[in-house]
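J.: I am attaching a structure below and will ask some questions about it afterwards.
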Amino acid sequence: MTAPEKRLPGSVAELPNSAPRYVGRPIDRVEDPALLTGRTQFIDDVVLPRMLHCAILRSPHAHARIASIDTREAEKLPGVVAVVTGEDAKRWSNPVMTVPPGWGTHCLATEKARFVGEPVAAVAAASRYVAEDALELIAVEYEPLPAVADARKALELGSPLVFEENGDNVMLRKLFTWGDIDGAFAGAVHVVQREFRWNRLGANPLETFGVVSQWDELAGTLTCRGSFQAQHHFAMARAMVFNLPLNRVRFISHPHGGSFGGKGGARGTDITALLSRKAGGRPVKWIEDRMEYLAGGASQAWDRHYDAALALDAGGKVLGFRVRLLDDLGATAEGWGAVSAAKPLTSFTGCYAIAAAQYDLTIVATNKLPGSPYRGMGPPPHNWVLEQLMDLAARELALDPAEIRRRNFIAPDAFPYTIASGNEYDSGDYAAALDAALAMGDYPALRAEQARLRAEGRYLGIGLVNTIEPGVFDWNAYAIVGQPGTGVPEGATVGIDLFGKLTIKVGFALEGQGQYTVAAQVLADWFTVDIADVRVIALDTLSAPPHFGPGGSRLGVALTGAVLGAAQRLTEKLVAVAAGLFRTPPEHVELRDGRIGVKGRPEASMPFQEVAQTMLARSDLLPPGVDPNPEATYVWTAPGRTPADDQGRAKSYLTAANACHLVLVEIDVETAQVHIKKYWIADDCGTRLNPANVEGQTQGGVAQGVGAALLEEAVYDEDGQLRTSTFMDYLLPTIYEVPMTEKRALCTPSPFTPLGAKGCGEGAMHTTPGAILCAINDALVPLGLELREVPASPQRLWTLLRQAKR
């Protein structure tokens, strides 16, 4: 019977180091020298022998039958090696698995195309230029069908059906009720209700998706190199698509320039795999161009119609919260975008102690690009709705926005706290974050300045928003849309070489958020070495321990747990060896400050490196049962997770970071321009493993939040034609629109995680859109106007302002 696993350190003070040098400090990133000197190999840098290049022919129609495809002329073009169509996809692959199930198709359109930009055929040629020329020689005969591009029309009887075999366009419809919601609204003194519209937007990484696939028909294997965010997840899906054993599918994730959900290149991966198979196993590369990304990639999320209400008592206490959401997922459910409608359950009632809530969810299909995940995975629109309602309630009750929030906060002594929708918040002090933001911005002075300038005819608004950032995701959070599973593993292997240097092996590539630095910090402090003595290496899916990688504000916490667990197991091996050398029981030996020695006897110790060298070079000195390998692996997963019940309630996301944003904006009523004048953030993500990383994540989240609030929108016309297929039309924020924020860090450590850290990777994206929109509506109060559609683009705001002049 083995001894129980030791508990991982819950704080920095529990590390075997009297004076940690790295954890909790803003250490420069170990990844950056290679990145800054151009030595990092991105996927487009990969050149393999006999490699071919892929170009993809896409549907110009939102909805059309494919009567015929003639590829003969394309096949004759010099340099063309292979051409594939939907017939090849049907012969050699399966439809992709979807969530919800039953709403997927093959990587190439078969009987019909369901959205503009859907792949119809593809070419592999000696160069991308030849492949693109060959596309023009493919003759496709389409029979256009009526399209549906509006979620509300998709529900109507007689609407065009995206999948005829499913009978209607409803992917999922479910009502969730937590607590006595009818009683809450029946007993309310005040009810605040509004409809809201959040339009499509998405991640826009500098580097689009890229992949090189190679099929070995003799060995029955598929090898894919690419900019994969979650390589093991990709590999499992490809095994199912191609009917391959998982150990015959090898994925190699290359460093890539960000993701935030935007690296979902499943179709491109499958198409290049088919082309490689048809080309006799030659490797095939495809690099997505920007127009392909915007029209046919993982570029769009959150196409939502809300009808929401708060029930309040006479004193401003929120009794109940109702949300009806109509979510337009686009043509298929292949992109896992539906999980974004499930994630709000993890923080449905925000920072507030609301006993009753209801979620009436409908997800529909339309003839638009399938929705994908995006940073925040769904709560940012939900938070915007809740926080707008809190402001509206404050106005109705003549309360300050800060006061109504304070009256409804979960109390600091109530944690761990289970919210109405079932998730458990680990810790927090929301009033402290509110007070910190108000103090930074000198809130009374801000209100006084606002009143003075309003009297001069200027329109200043103040936004004050508190939100939760759920961290360390679990599959059970997405059970309501058909995602199975509980537990998301993250593994690491830690080893010591003959010269005493340390290596950490992980299953994910560089993505820009500094995770390798965090891993190196943790291990350097565990063994009390210089951080330069630690190297982090990414392994492929067949070599790495079980892993998921970045996503869901989890990797900092999960990787810390994996590295600490592996270090702890490795230390136990070292202790066993040292105990034999010291001729003392292992329980009397410990690691402290980089040395293995007898407890209470500093003179009876030796550097841990010498113990590792003994294992590698003097196996004759090892005690029975200890192998000569100074290496250990640990796979961490969040503790205490529970399966979801029929109402979606579960302990899902492990941590609940929180933030309060205070923002001052001014609206130029003549041009409808919104100027962000000042921005303050107080946030609490527990122990900050590397404050510089958190700073970068927060500021980056603000940039994406500004884009969501003011600029970014994927626009379709009523026929399903995309009108924003370039950056001339799809507007991104620049340094001129994104303010440098003033920040203050708070810390309520998580009692559930290694070192007390909380997830912080999505951060300000949860809060910034709501804060800016609340400020805009505050500025519009003198005009009697409300803006309830995102983004608050100049055109949309100008149209609204014209109403005040009629």
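J.: Among (1) open to solvent by less than 20 Å² (accessible area, probe 1.4 Å); (2) under 15 Å from Ala682 (Cβ atoms); (3) in a helix (DSSP H, G or I); (4) not polar (S, T, N, Q), which single condition is Ala432 missing?
T.: The single condition Ala432 does not satisfy is (1).
J.: Which one is farthest from Ile43 (Cα to Cα) among residues in the stretch 177-226 that are of a type in the set (Val, Ile, Thr) and open to solvent by 10 Å² or more (accessible area, probe 1.4 Å)?
T.: Val189
J.: Turning to a different aspect of this structure: How many residues does the stretch 251-265 contain that are among the hydrophobic types (A, V, I, L, M, F, W, C), in a strand (DSSP E or B) and either buried (at least 24 other Cβ atoms within 10 Å of the Cβ) or free of Cβ contacts under 8 Å to residues at least 60 places away in the same chain (or both)? Before the answer, list the steps.
T.: Going through the stretch 251-265, the residues among the hydrophobic types (A, V, I, L, M, F, W, C) turn out to be 251-252, 260.
Filter once more, keeping what is in a strand (DSSP E or B): 251-252.
Still in the running and either buried (at least 24 other Cβ atoms within 10 Å of the Cβ) or free of Cβ contacts under 8 Å to residues at least 60 places away in the same chain (or both): 251.
Within the stretch 251-265, residues that are among the hydrophobic types (A, V, I, L, M, F, W, C), in a strand (DSSP E or B) and either buried (at least 24 other Cβ atoms within 10 Å of the Cβ) or free of Cβ contacts under 8 Å to residues at least 60 places away in the same chain (or both) number 1.
J.: Of all the residues that make up the stretch 328-344, how many are in contact with a Phe, Trp or Tyr (Cβ under 9 Å, 6 or more places away or on another chain) and open to solvent by 10 Å² or more (accessible area, probe 1.4 Å)?
T.: Of the residues in the stretch 328-344, 2 are in contact with a Phe, Trp or Tyr (Cβ under 9 Å, 6 or more places away or on another chain) and open to solvent by 10 Å² or more (accessible area, probe 1.4 Å).
J.: Could you list, ordered by first residue, the pairs with Cβ atoms under 6 Å in which the first is in the stretch 432-458 and more than 13 Å from Leu662 (Cβ to Cβ) and the second is aromatic (Phe, Trp, Tyr) and modelled with pLDDT under 95, at least 6 apart or interchain?
T.: Matching pairs, first to second residue: none at all.
J.: While we're looking at this one, here's another question. Could you name every one of the strands (runs of 3 or more DSSP E) located completely within the stretch 4-115 that has at least 1 residues being at pLDDT below 95? First the steps, then the outcome.
T.: Numbers: elements: 52-58, 64-70, 80-85.
Answer list for the stretch 4-115: none.
J.: Quick check, is Lys174 surrounded by 14 or more Cβ atoms within 10 Å (Cβ to Cβ) and in a strand (DSSP E or B)?
T.: Yes: the conditions hold for Lys174.
J.: Within the stretch 770-795, how many residues are of a type outside the set (A, V, I, L, M), farther than 22 Å from Gly378 by Cβ, open to solvent by 50 Å² or more (accessible area, probe 1.4 Å) and not in a loop (DSSP other than H, G, I, E, B)?
T.: 2
J.: Identify all residues within the stretch 269-321 that are more than 30 Å from the chain's Cα centre (by Cα), under 29 Å from Ile410 (Cβ atoms) and open to solvent by 10 Å² or more (accessible area, probe 1.4 Å); write none if there are none.
T.: Matches in the stretch 269-321: Asp313, Ala314, Gly315, Lys317, Leu319.
J.: Give all pairs with beta carbons closer than 7 Å in which a residue from the stretch 789-804 that is under 13 Å from Arg200 (Cα atoms) meets a residue that is open to solvent by less than 50 Å² (accessible area, probe 1.4 Å) and of a type in the set (Phe, Trp, Tyr); count only pairs at least 6 apart in sequence or on separate chains.
T.: Here the result reads Val790/Trp198; Val790/Trp384, each pair linking the stretch 789-804 to a residue that is open to solvent by less than 50 Å² (accessible area, probe 1.4 Å) and of a type in the set (Phe, Trp, Tyr).
So that you can scan it fast, the table gives a plain yes or no per residue for (1) assigned to a helix (DSSP H, G or I); (2) touching a helix residue (DSSP H, G or I) at 6+ places or on another chain (Cβ under 6 Å); (3) open to solvent by 10 Å² or more (accessible area, probe 1.4 Å):
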{"residue": "Ala520", "(1), (2), (3)": "yes, yes, no"}
{"residue": "Ser543", "(1), (2), (3)": "no, no, yes"}
{"residue": "Phe548", "(1), (2), (3)": "no, no, yes"}
{"residue": "Gly565", "(1), (2), (3)": "yes, no, no"}
{"residue": "Val575", "(1), (2), (3)": "yes, yes, yes"}
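J.: Next question, about the same structure. What pairs come up if the first residue lies in the stretch 538-563 and is over 19 Å from Gly701 (Cα atoms), the second is buried (at least 24 other Cβ atoms within 10 Å of the Cβ) and of a type in the set (Lys, Arg), and their beta carbons are under 7 Å apart, counting only those six or more places apart or on different chains?
T.: Pairs found: none.
J.: Does at least one position in the stretch 111-127 carry a residue that is under 27 Å from Ile252 (Cα atoms), open to solvent by less than 50 Å² (accessible area, probe 1.4 Å) and over 33 Å from the mean Cα position of the chain (by Cα)?
T.: Yes: the stretch 111-127 contains one or more residues that are under 27 Å from Ile252 (Cα atoms), open to solvent by less than 50 Å² (accessible area, probe 1.4 Å) and over 33 Å from the mean Cα position of the chain (by Cα).
The values are calculated or read from the model by the stated rules, or taken from the named source; none is laboratory data. The model shown is predicted, which means the values in this text are computed figures rather than measured ones. Every residue, glycine as well, gets a Cβ built from its backbone with ideal geometry; the counts of neighbours run over all protein chains shown. Areas reflect the complete protein model, heavy atoms only, side chains present, ligands, DNA and RNA absent. Shrake-Rupley method; radii C 1.70, N 1.55, O 1.52, S 1.80 Å.
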